[in-house]
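The values are calculated or read from the model by the stated rules, or taken from the named source; none is laboratory data. The model shown is predicted, which means the values in this text are computed figures rather than measured ones. Reconstructed Cβ throughout: ideal geometry from the backbone, glycine too, with neighbour counts over all protein chains shown. Note: areas computed on protein heavy atoms with side chains; ligands, DNA, RNA excluded. Shrake-Rupley method; radii C 1.70, N 1.55, O 1.52, S 1.80 Å.
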Amino acid sequence: MSRGATVNAVRSRYLSPGWLAGHVLVLVVALVCGWLGWWQLERALSSTGSGLNLGYALQWPLFGIFGIVGWIRFLRMESTRADEDEAPETSEPAAEQPAEPVAEKWLPGRPKPAAQDADIDPELAEYNRYLKQKAEQWQQR
């Protein structure tokens with residue numbers, strides 16, 4: 001598939017009703033955050049305003065910007081994933097390549113097992129044996 005065809009496919013996907021709803025939602029949230037920032041700025045500049053209102057006046061637009069940046073990043077990740085899905089298959093059979101679960105992509109890896117006594121410092125290994133002995137003595141009570 002050529003680059004132009006890929007771009008058109010991505011554009012048509014991002015203009016589907018579900019994606020358009022997402023675009024509109026992000027835009028509405030950004031506009032509401034901008035309006036709340038303006039409202040807080042007016043409150044801060046009024047005779048009853050305080051520094052707290054000024055802080056909120058600065059925070060609300062940042063929340064809106066954060067939403068827009070997050071949405072753009074999400075769109076880029078989806079575009080990259082779509083490109084990977086359309087990539088040609090390798091010559092190796094699919095049975096030899098384990099499928100990567102979706103959770104593995106987004107979540108950090110599992111913790112590695114603790115090192116054995118032989119793999120660590122001898123002084124630390126001795127201390128671990130001492131603690132194990134104390135724990136066994138405590139359980140025997």
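So is SER79 surrounded by 14 or more Cβ atoms within 10 Å (Cβ to Cβ) and either of a type outside the set (D, E, K, R) or part of a helix (DSSP H, G or I) (or both) or not? Walk me through it before giving the result.
Details: surrounded by 14 or more Cβ atoms within 10 Å (Cβ to Cβ): yes; either of a type outside the set (D, E, K, R) or part of a helix (DSSP H, G or I) (or both): yes.
Yes.
If GLU126 satisfies every condition in (1) at pLDDT 95 or above; (2) over 28 Å from the mean Cα position of the chain (by Cα) but one, which is the exception?
Here GLU126 clears every test but (1).
Please find, among VAL102, VAL10, the residue that is open to solvent by 90 Å² or more (accessible area, probe 1.4 Å) and at pLDDT below 95. Reasoning before the result, please.
Working: VAL10 fails: open to solvent by 90 Å² or more (accessible area, probe 1.4 Å).
Result of the check over VAL102, VAL10: VAL102.
Does GLY55 count as modelled with pLDDT of 90 or more and surrounded by 10 or more Cβ atoms within 10 Å (Cβ to Cβ)?
Working: modelled with pLDDT of 90 or more: yes; surrounded by 10 or more Cβ atoms within 10 Å (Cβ to Cβ): yes.
Yes, satisfied.
Kindly indicate which of PHE74, PHE66 is modelled with pLDDT of 90 or more and within 20 Å of TRP19 (Cα to Cα). Before you say what the answer is, go through the steps one by one.
Values: PHE74 fails: modelled with pLDDT of 90 or more.
Sole residue among the options that is modelled with pLDDT of 90 or more and within 20 Å of TRP19 (Cα to Cα): PHE66.
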